[in-house]
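**Student:** There's a structure below that I have some questions on.
The values are calculated or read from the model by the stated rules, or taken from the named source; none is laboratory data. Remember, predicted model here, so these are calculated numbers, not experimental data. Here the Cβ positions follow ideal geometry from the backbone for every residue, glycine too, while neighbour counts run over all protein chains shown. Quick note on the areas: whole protein, heavy atoms, side chains included, nothing else; ligands and nucleic acids left out. Shrake-Rupley method; radii C 1.70, N 1.55, O 1.52, S 1.80 Å.
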Amino acid sequence: MPDAPASTCRRVPRAWRWLIACAALLLAGCATLRERTPQEASWAQEPDPASRLGVLVADLGRPAPGESMFRLLESGRAALVARLALVERAQTSLDLQYYLIHADTSGRLLARAILRAADRGVRVRVLLDDVDTGPHEAAIIGLDAHPNIQIRLFNPFSLRGDNPLGRLAEFLGDGRLNHRMHNKLFVADNLMAIAGGRNIGDEYFQADSPVAFHDLDVLAAGPVVRRMSDAFDAYWNSHYAVSVRAIPKPDKRERLLQRVREGLERNLSELDQDTLFDYMGLDVLGGLAGDELSPWLPGRAEFISDPPGKVDHALGASQLPLARLLQHGLAVRRELLIASPYFVPGRVGVDLLTYLHGRGVSVRILTNSMAATDVLVVHGGYARYRLPLVLQGIELYELKPVRVPSRFLTRLAGSSSRTSLHSKVLVFDRESTYVGSMNLDPRSLLLNTESGLLIHSPALAERAARHIEREMRPAASYRLRAGPRAEDGRTGLLWQEGETSHADEPKAGFWLRLLMDILSGMKIEDHL
């Protein structure tokens, strides 16, 4: 999904300020957050080796001291089933940190499972970025009314409710709101955890959605999970995380909770239960492996997470996750593989990749084509760097917008989705792998908070590399090359598709290409 709007709100023109002031007056009667709402600090609970998840972790094997166990979740099905299985087996705690949780089929399945876990005594903490909570505010307040569920909003808007005009006015007038929490983290009983690029929603699990995001998550078990819980606690207990109890609501919260219960049961009872049962039959937490998920593999790992204070002030380069990844990138000897849906390297990035290639390093990059991207303006920021990269010998691939059948829970016969890349993966010399939430663009690097796992495991790195290479095949992606233009003979880009070359952006109409020419000619990457 696209991140929050661009950082241009820091320099709001005087005319816009006048309009914002008028909008603020019109919206003066809207509900706003209550200040100084009491909220207590809380921390991850100690893991219990005798619990159901503790026994599962013990059965995974005995890695070397300091190592953890990891499993790549390569399909949307595996990613959703893993989360539901963790909720089902949790006995003490669930901690969720997400940029987006949609109220669609996948979101409702997860919400019902979490509600049932809370009913049996599991403590649930949910930390949500506030960018898309307006339409779902009543449901969020209702779930928070459960005695075992706490929900907090990160860097919240003051104006509440489903009021897009009010939110836009506040956003344009307050540069603070341009900084969003883009992290994705799911921790069960402080024993198993999931990190990666997926939010919660049908498109992320390749379900019944117009877009099917190709993505990658990692299921982790072992010592690294405690470090992931520590990162969650740092956000949860920061002053940027505000309890939804600060939102005024005329209805009683208990009444809203009852409505949520009834709505979840009503909506999910309409699903095809046979299809759902078959879909959930994947043994994600056990020892079996297959096409959709890797075997459990041992490795040392670092959980790299921005501090929550990144939303308030500029941090030194050494404090950013990019610094750790840059150290790894500059140390590669043979190969660097990159998958990023939004790739805007800037001049510095082009120079670094050129430097690596000059040292004999194979550099291959996978991102979205114009027809596959879900954020056209970011593609415009990326487009101006394509030819310089290709001319320097960097291999550049763009994912095709292939139509694929929806994998499960399809309500309409023949339903299909358009593929789009959403993975954020780096593979270093097939020895180490980063899987996380960070796109390689200025917004992720400088404005949003991000997190991810850097895993030192040659076996897992090989599996991740093959995952990226499958998306680079001619059936799935275009290979970009440099060649003479037919109209003037000047060197330009060619999109290679098997034996066929395209001189224009494939599967993009004239007006879309014209808009892209305008965007790519503008120096907009600092505002993405």
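**Student:** Among the residues that make up the stretch 294-314, is at least one of them at pLDDT below 95 and closer than 30 Å to ALA503 by Cα?
**Tutor:** No; the residues of the stretch 294-314 include none that is at pLDDT below 95 and closer than 30 Å to ALA503 by Cα.
**Student:** Ok, one more. Do you know which residues across the stretch 386-403 are open to solvent by 10 Å² or more (accessible area, probe 1.4 Å), outside any strand (DSSP E or B) and not basic (Lys, Arg)? Full working, then the answer.
**Tutor:** Narrowing the stretch 386-403 to residues open to solvent by 10 Å² or more (accessible area, probe 1.4 Å): 386-388, 390-393, 395, 397, 400-403.
Within this subset, residues satisfying the condition of being outside any strand (DSSP E or B) are 386-388, 390-393, 400-402.
Selection gives LEU387, PRO388, VAL390, LEU391, GLN392, GLY393, PRO401, VAL402.
**Student:** Let me ask another. Looking at the stretch 28-51, is at least one residue at pLDDT 90 or above, within 29 Å of the chain's Cα centre (by Cα) and not in a loop (DSSP other than H, G, I, E, B)?
**Tutor:** No, that holds for no residue.
**Student:** From LEU153, LEU216, which residue is modelled with pLDDT of 90 or more, under 19 Å from the mean Cα position of the chain (by Cα) and either under 23 Å from ASP374 (Cβ atoms) or open to solvent by 20 Å² or more (accessible area, probe 1.4 Å) (or both)?
**Tutor:** Working: LEU153 fails: either under 23 Å from ASP374 (Cβ atoms) or open to solvent by 20 Å² or more (accessible area, probe 1.4 Å) (or both).
Result: LEU216 is the single residue among LEU153, LEU216 that is modelled with pLDDT of 90 or more, under 19 Å from the mean Cα position of the chain (by Cα) and either under 23 Å from ASP374 (Cβ atoms) or open to solvent by 20 Å² or more (accessible area, probe 1.4 Å) (or both).
**Student:** Being buried (at least 19 other Cβ atoms within 10 Å of the Cβ) and among the small types (Gly, Ala, Ser) is the filter here, so list the residues in the stretch 352-370 that pass it.
**Tutor:** Residue satisfying the conditions is SER369 alone.
**Student:** Additional query: Regarding the stretch 158-175, can at least one residue be identified that is of a type in the set (S, T, N, Q) and surrounded by 19 or more Cβ atoms within 10 Å (Cβ to Cβ)?
**Tutor:** The initial filter retains those residues of the stretch 158-175 that are of a type in the set (S, T, N, Q), namely 158, 163.
Applying the additional criterion that residues be surrounded by 19 or more Cβ atoms within 10 Å (Cβ to Cβ) yields none.
Taking every residue of the stretch 158-175 in turn, none turns out to be of a type in the set (S, T, N, Q) and surrounded by 19 or more Cβ atoms within 10 Å (Cβ to Cβ).
**Student:** Another question, then. Looking at LEU453, is it within 30 Å of LEU177 (Cβ to Cβ) and open to solvent by less than 10 Å² (accessible area, probe 1.4 Å)?
**Tutor:** Numbers: within 30 Å of LEU177 (Cβ to Cβ): yes; open to solvent by less than 10 Å² (accessible area, probe 1.4 Å): yes.
Considered against the rule, which asks whether it is within 30 Å of LEU177 (Cβ to Cβ) and open to solvent by less than 10 Å² (accessible area, probe 1.4 Å), LEU453 comes out as yes.
**Student:** On to the next question. Would you please list the contacts, defined by Cβ atoms under 8 Å and residues six or more apart or on different chains, that run from a residue in the stretch 207-222 that is more than 17 Å from GLU74 (Cβ to Cβ) to a residue that is basic (Lys, Arg) and not in a loop (DSSP other than H, G, I, E, B)?
**Tutor:** PRO210/ARG418; VAL211/ARG418
**Student:** Check whether at least one residue in the stretch 135-149 is closer than 24 Å to GLY309 by Cα and either assigned to a strand (DSSP E or B) or not hydrophobic (A, V, I, L, M, F, W, C) (or both), and report yes or no.
**Tutor:** no
**Student:** What residue, among those in the stretch 66-122 that are in a loop (DSSP other than H, G, I, E, B) and polar (S, T, N, Q), is least open to solvent (accessible area, probe 1.4 Å)?
**Tutor:** Filtering the stretch 66-122 down to residues in a loop (DSSP other than H, G, I, E, B) leaves 66-67, 74-75, 90-92, 99-100, 102-104, 120-122.
Among the residues that remain, those that are also polar (S, T, N, Q) are: 75, 91-92.
Working: SER75: 11, GLN91: 84, THR92: 47 Å².
Ranking the qualifying residues of the stretch 66-122, first place goes to SER75.
**Student:** List the residue pairs whose Cβ atoms are under 6 Å apart, where the first residue sits in the stretch 281-308 and is under 13 Å from LEU73 (Cα atoms), the second is open to solvent by less than 40 Å² (accessible area, probe 1.4 Å) and part of a strand (DSSP E or B), and the two are 6 or more positions apart or on different chains.
**Tutor:** That search, which allows pairs on different chains as well, returns LEU293/ARG71; LEU293/LEU73; SER294/ARG71; SER294/LEU72; TRP296/MET69; TRP296/ARG71; LEU297/PHE70.
**Student:** Would you mind finding the one in PRO506, PRO458, PRO484 that is open to solvent by 30 Å² or more (accessible area, probe 1.4 Å), touching a Lys or Arg at 6+ places or on another chain (Cβ under 8 Å), at pLDDT 90 or above and of a type outside the set (Gly, Ala, Ser)? Outline the logic, then answer.
**Tutor:** Details: PRO506 fails: open to solvent by 30 Å² or more (accessible area, probe 1.4 Å); PRO484 fails: at pLDDT 90 or above.
Just a single option satisfies the conditions, and that option is PRO458.
**Student:** Only one of (1) in contact with a helix residue (DSSP H, G or I) (Cβ under 7 Å, 6 or more places away or on another chain); (2) over 17 Å from ALA113 (Cβ atoms) is not met by ASP274, so which one is it?
**Tutor:** Unmet for ASP274, out of (1) in contact with a helix residue (DSSP H, G or I) (Cβ under 7 Å, 6 or more places away or on another chain); (2) over 17 Å from ALA113 (Cβ atoms): (1).
**Student:** Could I ask something else about it? Quick one: is ASN199 within 15 Å of the chain's Cα centre (by Cα) and surrounded by 21 or more Cβ atoms within 10 Å (Cβ to Cβ)?
**Tutor:** Working: within 15 Å of the chain's Cα centre (by Cα): yes; surrounded by 21 or more Cβ atoms within 10 Å (Cβ to Cβ): yes.
It is true that ASN199 is within 15 Å of the chain's Cα centre (by Cα) and surrounded by 21 or more Cβ atoms within 10 Å (Cβ to Cβ).
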